[in-house]
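Below is one structure, written out as structure tokens, with a few remarks after it.
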Amino acid sequence: MSAPALRIAVQKSGRLAEKSLELLEAAGFRVMKGANDLLYRVENAPIDILRVRDDDIPTFVGDGVADFGIVGRNVLAETDLGARAPGEAMALGFGRCTLKIAAPTGFKYANPHSLAGLRIATTYPRSLKRFLDAHGVEAEILTMRGAVEVAPRLHLAQAICDLVSTGATLEANGLEAYDTVLESEAVLIRAPKGVQPAFADLAESMLARFRGVSASRGAKYIMMNAPRARLAEITSILPGADAPTITPLAGREDVLAVHAVCQESVFWETLERLKGAGASAILVLPIEKMM
Ligand code: ATP
Ligand code: ZN
């Protein structure tokens with residue numbers, strides 16, 4: 001038997017597998033890829049990583065086999081575990097995709113009622129049912145295991161409900177996306193009865209580190225000099241920055257130093273607008289860690 005540890009279930013292989021391990025690494029947990037394919041250990045903390053099919057992750061966490069899991073929100077939404085349903089602890093900012101209603105190009109889609117009486121193919125019957133019910137639409141749901149995008153061409157269904165990230169697959173099949181059923185990304189899920197008490201502190205610190213990693217991803221530290229008279233205009237241009245630090249410059253009454261953490265990407269266009277508003281000596285720095 002292995003020593004007690006906090007257990008996290010992650011996808012073994014697939015779109016979220018690599019990024020899930022990267023998140024742990026970025027949070028300072030050194031993952032040891034041992035001989036045991038099903039279980040990886042963390043070298044510098046009592047954490048075990050269970051590597052499984054993504055579809056099994058909500059059940060593992062719901063049953064308490066794992067304390068946490070990393071899984072697409074779309075998969076969590078599709079599992080029906082009742083009182084054992086894991087809760088979403090945190091959105092992780094990767095694996096973004098959208099569950100969409102799509103139909104052959106030229107389909108006259110005005111709103112969800114355009115689907116009334118039709119047959120819709122999907123691998124996400126629960127999410128689709130919830131969407132249809134929410135709009136009071138009656139339609140037939142055809143549950144498939146995969147290759148949903150070929151259903152209209154085979155006359156199996158008139159519309160589909162499927163995951164879309166770039167839209168290339170839809171386009172290749174002569175389909176067009178019309179409505180959004182669910183916005184998804186990888187999420188950290190937590191056992192409904194809480195983590196094992198012995199690891200509560202470790203779990204808290206892990207969550208704080210994950211939050212820091214997510215927050216610092218894409219975030220930048222921006223510094224500049226700004227004319228006092230145009231300060232409001234300049235701070236309003238900064239993307240996703242709340243409460244910038246404003247400090248006086250020695251010997252300059254009319255100019256202030258502005259420092260801010262920008263949560264969103266800082267583009268050249270943003271810098272040009274700042275310059276246009278009178279900012280000078282603009283510096284954009286990467287942020288390594290944030291807490
Ligand atoms: P498994 O073998 O673990 O069952 P899978 O084939 O069900 O894997 P993947 O295709 O690896 O799953 O996708 C895992 C998750 O990645 C999806 O559930 C979804 O949250 C996310 N994802 C991001 N972009 C896409 C996309 N374009 N298509 C499908 N899933 C995507
Ligand atoms: Zn799967």
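The values are calculated or read from the model by the stated rules, or taken from the named source; none is laboratory data. This one's a predicted model, so the numbers in the text were calculated from it and none came from an experiment. Cβ: placed from backbone, ideal geometry, glycine included. Neighbour counts: every protein chain shown. SASA here: full protein model, heavy atoms, side chains in, ligands and nucleic acids out. Shrake-Rupley method; radii C 1.70, N 1.55, O 1.52, S 1.80 Å.
Look at the dipole of the chain built from charges on Cβ: of 128, 222, 268, the Cα furthest out on the positive end belongs to 222.
Per residue, region 183-266 exposes an accessible area of 51 Å² to a 1.4 Å probe, with every protein chain left in place. Label separation (residue 53 vs residue 271): 4.9 nm, computed from points 7 Å beyond Cα along the C-beta direction.
Of the peptides 60-70, 175-185, the ranking by mean beta-carbon count within 10 Å, highest at the top, reads 60-70, 175-185.
Compute the long axis of helix 200-216 from its Cα atoms, compare it with the longest principal axis of the Cα atoms of the chain, and write down the angle in degrees, 0 to 90, nearest 10. The angle comes out near 70 degrees. Candidates 34, 277, 173 compared by Cα position along the dipole of the chain: farthest toward the positive end lies 34, with charges placed on Cβ. The magnitude of the dipole of region 163-234, with charges of +1 and -1 set on the Cβ of Lys/Arg and Asp/Glu and taken from the Cα centre, is near 580 debye. For the chain, adding -39500 (n - 2.57) for each run of n ≥ 4 DSSP H residues and dividing by the number of residues yields -6500 deg cm²/dmol at 222 nm.
Once the Cα atoms are used to define both axes, helix 17-26 deviates from the longest principal axis of the chain by about 30 degrees.
With +1 assigned to the C-beta of every Lys and Arg and -1 to the C-beta of every Asp and Glu, and no other charges, what is the dipole magnitude of region 66-162 about the Cα centre in debye, to the nearest 20?
For region 66-162, the charge dipole is close to 200 debye.
Between the helical axis of 125-134 and the longest alpha-carbon principal axis of the chain there is an angle of about 80 degrees. Maximal additional length on extending the residue 229-residue 116 stretch stands at 34.9 nm, based on 0.36 nm per residue less the C-alpha distance. Projecting label points 7 angstrom from Cα along Cα→Cβ for residue 37 and residue 243 puts them 5.1 nm apart.
Calculated accessible area for region 23-114 comes out at 44 Å² per residue, all protein chains present (probe 1.4 Å; ligands, DNA, RNA ignored). What does DSSP give for the chain in terms of the percent of beta bridges that are antiparallel, rounded to the nearest 5? So the antiparallel bridges in the chain amount to around 75 percent. For region 97-184, the antiparallel share of DSSP beta bridges with both residues in that region comes to about 65%.
Name all residues of region 91-128 having a backbone nitrogen under 15 Å from the label point set 7 Å from the Cα of residue 85 along its Cα→Cβ direction, giving them as ranges. It comes to 125-128, nothing else.
Rounded to the nearest 20 debye, the dipole magnitude of region 220-286 is 120 debye, with +1 charges on Lys and Arg beta carbons, -1 on Asp and Glu beta carbons, and the Cα centre as origin.
Within the accessible area of the chain, the carbon and sulfur atoms contribute 52%, probe 1.4 Å, all protein chains present.
Counting lysine pairs in the chain that sit 8 or more residues apart in sequence, or on different chains, and whose Cα atoms lie under 20 Å apart gives 7. In this simple spin-label approximation, residue 200 and residue 250 carry label points 7 Å from Cα along the Cα→Cβ vector, and these lie 5.1 nm apart.
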